[in-house]
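The values are calculated or read from the model by the stated rules, or taken from the named source; none is laboratory data. Note that this is a predicted model, so its numbers are computed, not measured. Ideal geometry is used to build each Cβ from the backbone, glycine not excepted, and the neighbour counts take in all protein chains shown. What goes into the accessible areas is simple: the full protein's heavy atoms, side chains included, and nothing from ligands, DNA or RNA. Shrake-Rupley method; radii C 1.70, N 1.55, O 1.52, S 1.80 Å.
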Amino acid sequence: MANTGVAIRGQRSLLKQIREALAGGGPAQARLDMVVRIIARSMVAEVCSLYMRRSAGEMELFATEGLDPGAVHLTRMKRGEGLIGEIMRLGRPLNLADAPEHPAFSYRPETGEDPFHAFLGVPLLRGGRAIGVLVVQNRTERVYTEDEVEDLQIVAMVLAEMMAGGELISLGELAGVEIAPRKPERMKGSKFGDGLAYGVAVLHEPPVTPSQLLAEDVVAEEERLKTAVTALQAQIDTMLEGQHGLVDASYEVLETYRMFAHDRGWNRSLEDAVHNGLTAEAAVERVRSEHRARLGQARDPYLRERLHDLEDLNDRLLRHLSGDGHVARELPDNAILIARNLGPADLLEYDRKKLRGLLLEEGSAASHAAIVARALDIPCVGRISNLRDRVSEGDMVIVDAETGEAYLRPRPDVVKAIQARIDVRRQRREEFAKLRDTPAFTRDGAKITLLMNAGLDVDLDILAETGAEGIGLFRTEFQFMVAEEMPRFNAQAALYERVMDAAGDRPVTFRTLDLGGDKVLPYLEAEREENPALGWRAIRMGLDRPALLRLQLRALLAAARGRPLRVMFPLVASVDEFRAARALVDTEVAWALRRGRAAPARLDVGAMIEAPSLIWHLDALLPMTDFVSVGTNDLMQYMFAADRGNPRVSDRYDFLSPPALRALQQIQLACAETGTPVSVCGEMAGRPLEAFTLVALGFERLSMPPAGIGPVKQMVLSCDREAARRGVSALLKGSAGSVRNEIETLARKIYLAV
Ligand code: PEP
Ligand code: MG
């Protein structure tokens, strides 16, 4: 039930009294004693006690009104012991008419609590962590009302935030109390973007600060909440009707969202919290903390998933409350961003010069955030469970994207070791930089062309730094992925023109939109698919929606302004698709010519080889193309039937294995026979050992993430291609599932720098 007006006034005046009492200053213990006294009086309780969690997990009585004051700082409960331990474990209130009857009750004679029967305890929650417990007790057997439970929870939230903000007692006086984790921790995740970084944690979604907790005007705040909830419900209903076709969330997830968004329990918890004097943001935070504490420990994966849905919903609601206005945040010089997950545009909102690293609780290496992080050359580790509960704003953290780990509050020796590794990397970078203008010839004189993969404006600055000879893969869909709405003709043409201008004489291969699969757009309607990676994506979408593809081709032709143009199509799976796509290019060229526009000085149209089917139809395909590029990320995903975005299966098969290498060899041979220029543009081209293998197989054009150019060039310069060819071809026939070790041995034998 919603609280009565009297309760609201009581509640607000209680919080006000606490604030006033604290404003008076004085020793910490006296302030705490005063707080529990005020709560006891206001709630007509004979006892009010505050327990705080020590670092070892023990709960210590910190202040009491009504129990024996001699027990303060003496009474300690072991982790999980007694009713206090039970509340910590469950992360939710315990409301008992007769506490001693409860099986978990643990009798402590020193407290003198014998005569008290009625018991209400609520956790002090911060994020998903219980940091303490607030208890009221009465002599008579009674169950506290819902309103009283709610009141005490709100007081507990305010106390938790005040404690954490050092407002209640100074943080120094709380030494030994675990307000936030303080010990060093090492957390395992997955590598999303290479590199190392050491810096200060910045939370992407910072918690509500104590100063934002209490609303000035409850009625106005209720109205704000109502408006935001209504907008949220409408948004989700619309998404479900498919009007905005949010394709990254499956239909079931959306339905769950809708269920939660309209859930009376959720809504009422929020309303009650605001009714009791919290701001709408603080109410969201309060209800969220409770859900996290409760569901976070659920073993059932289904329930844990629901927690994610609720988190999303809370984030959405907060966005509605903030009017969607993201305010650019001032970052420390060495910021490590901490987030559950990031949308494609989120990362770009931060100052790149100050952003050193990124840690994510969720995501996948193929997710937008990871792609953008790699493009920006920001070390990134993802899939670190419970990350946000273990790290606080301002903590020092290490991102070790070489091993896929994060170190929170690392010890000085760990920092020293990481600093040393960071220095080595810097030195290596400097060495690579020196090679920038050295052409990449193998020792036996084969020229290997090293190109860069790109997709964002930010990549253009990097092009000159890397010494890449051009852009072998420009992923045009990135512009679409980071935009709030569909980029129109002018925006597309402007980007392509900037890219060509920046590249100058160096060739740029533009890949037409590769959307669908793992690349989804919030504003582009798409139907739910069972297997998106095998579904309506890339060129399939382009051919079914020729208007979109033609607009893009038109923008490319306009941007070229008579300069040479290279265009390629993603995920071509049959020669008919290529034929149809190429015909669209011809149509657009004819259209431009009819309008008196300049045709490109030279037009090369190519296909990506990503669908295994093409390997057995190269004889038909190659004569139709001006060039091909092997997209090993997708080719291997389809060959091994292993989702590239799913860490459980994506590392299961090795690209350095006979089936993969034979397929690549077959492509290389067919291209050599027909004289078709071929490049490899999957991520493997940017890893020295893999690139070495590609060179051994005869590939001479490699396109890779910018960070790969230096190491790969160093490898090329030290490589004897003929020796490599002999060594690798002997391994193609092996019966092993992987020949990585053998290739490593071979590389060492020929003194290769890999
Ligand atoms: C690939 O599939 O290898 C590729 C280069 O394209 P993308 O990673 O963009 O799918
Ligand atoms: Mg691909």
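In nm, to one decimal, how far is the modelled label at R545 from the one at A417, with both set 7 Å along Cα→Cβ?
4.9
Apply 1/(1 + (r/R0)^6) to the Cβ-Cβ distance of K226 and E402, taking R0 = 51 Å, and write down the FRET efficiency to the nearest 0.05. Don't skip to the answer; put the middle values down first.
Values: r = 49 Å, r/R0 = 0.97.
For R0 = 51 Å, the calculated efficiency reads 0.55.
What ³J(HN,Hα) values, in whole Hz, does the Karplus curve 6.51 cos²θ - 1.76 cosθ + 1.60 give for region 100-111 when θ = phi - 60°, with x put for Gly and Pro?
For region 100-111, the Karplus-derived couplings read x, 6, 6, x, 7, 4, 10, 7, 10, x, 5, 8 Hz, x marking Gly and Pro.
Of K191/K713; K447/K713; K353/K713, which pairs sit farther than 20 Å apart, going by alpha carbon to alpha carbon? Can you show the working numbers first?
On the way: K191/K713 23 Å; K447/K713 11 Å; K353/K713 26 Å.
Pairs exceeding 20 Å: K191/K713; K353/K713.
Could you give the length gained by full extension between R725 and E527, i.e. 0.36 nm per residue of separation minus their alpha carbon distance, to one decimal place? Show your work: numbers first, answer last.
Working: separation 198, 0.36 × 198 = 71.28 nm, distance 4.66 nm.
Full-extension gain reported as 66.6 nm.
Just to be sure I understand the model, the point goes 7 Å from the Cα along the line to the Cβ. What's the resulting R19 to D619 distance in nm?
Modelled inter-label distance: 8.3 nm.
Lys/Arg Cβ at +1, Asp/Glu Cβ at -1, dipole of region 570-689 taken about the Cα centre: which of A599, V575, V649 is farthest positive-ward?
Value computed over the given set: A599.
So what is the accessible area of the chain per residue, in Å², with the probe set to 1.4 Å? Each step should come with its number before you reach the end.
Working: 31970 Å² over 754 residues.
Ligands and nucleic acids excluded, the figure is 42 Å² per residue.
Report, to the nearest whole %, how much of the accessible area of the chain belongs to carbon and sulfur atoms, 1.4 Å probe, protein only. Walk me through the numbers on the way to the answer.
Details: 16480 of 31970 Å².
The value for the chain is 52 percent carbon and sulfur by accessible area.
Kindly state, to the nearest 0.05, the FRET efficiency for K78 paired with D651, given R0 = 30 Å and r defined as their beta-carbon distance.
Details: r = 41 Å, r/R0 = 1.37.
Efficiency, from the Cβ-Cβ distance: 0.15.
Quick one: if you stick a label point 7 Å off each Cα along the C-beta vector at H308 and R268, how many nm between them?
Simple spin-label model gives 3.0 nm for this pair.
State the extension gain, in nm to one decimal, for the chain segment bounded by L348 and V424, taking 0.36 nm per residue of separation less the distance between their alpha-carbons. Intermediate results must be reported in sequence, preceding the final value.
On the way: separation 76, 0.36 × 76 = 27.36 nm, distance 2.80 nm.
In short, 24.6 nm is gained.
What's the center-to-center distance, using Cα atoms, between region 257-285 and region 416-490 in Å?
Value for the Cα centre distance between the two parts: 47 Å.
Report the extension gain between A580 and A464 in nm, rounded to one decimal, defined as 0.36 nm multiplied by the number of residues separating them, less their alpha carbon distance.
On the way: separation 116, 0.36 × 116 = 41.76 nm, distance 3.59 nm.
Fully extending the segment from A580 to A464 adds 38.2 nm.
Need one value: the accessible area of H320 in square angstrom, 1.4 angstrom probe, rounded to the nearest 10.
Probe radius 1.4 Å; accessible area of H320 about 60 Å².
About its Cα centre, how strong a charge dipole does the chain have in debye, to the nearest 20, once Lys and Arg get +1 and Asp and Glu get -1 at the Cβ?
On the way: 95 positive and 108 negative charges, 530 e Å.
Computed about the Cα centre, the dipole is about 2540 debye.
Taking every alpha carbon pair in region 437-749, what does the distance histogram look like in 10 angstrom bins from 0, in percent?
It works out to 6, 27, 36, 24, 7, 1, 0, in whole percents.
If r is the Cβ-Cβ distance from D315 to E485 and R0 is 25 Å, what FRET efficiency results, to the nearest 0.05? Let's see the in-between values first.
Values: r = 20 Å, r/R0 = 0.82.
The value I calculate is 0.75.
Tabulate in residue order the Karplus-calculated ³J(HN,Hα) for region 729-737, using 6.51 cos²θ - 1.76 cosθ + 1.60 with θ = phi - 60°, rounded to whole Hz; enter x for Gly and Pro.
Once rounded to whole Hz, the list reads 5, 5, 7, 5, 8, x, 9, 7, x.
For the chain, give the share of DSSP beta bridges that are antiparallel, in percent and rounded to the nearest 5; count only bridges with both residues there. Walk me through the numbers on the way to the answer.
Details: 46 of 83 bridges.
So the antiparallel bridges amount to about 55 percent of the total.
With all protein chains present and a 1.4 Å probe, how do R540, R594, R528, R126 order by accessible area, largest first? Please report the intermediate quantities before stating the final value.
Numbers: R540 65, R594 170, R528 130, R126 40 Å².
Largest accessible area first, the residues go R594, R528, R540, R126.
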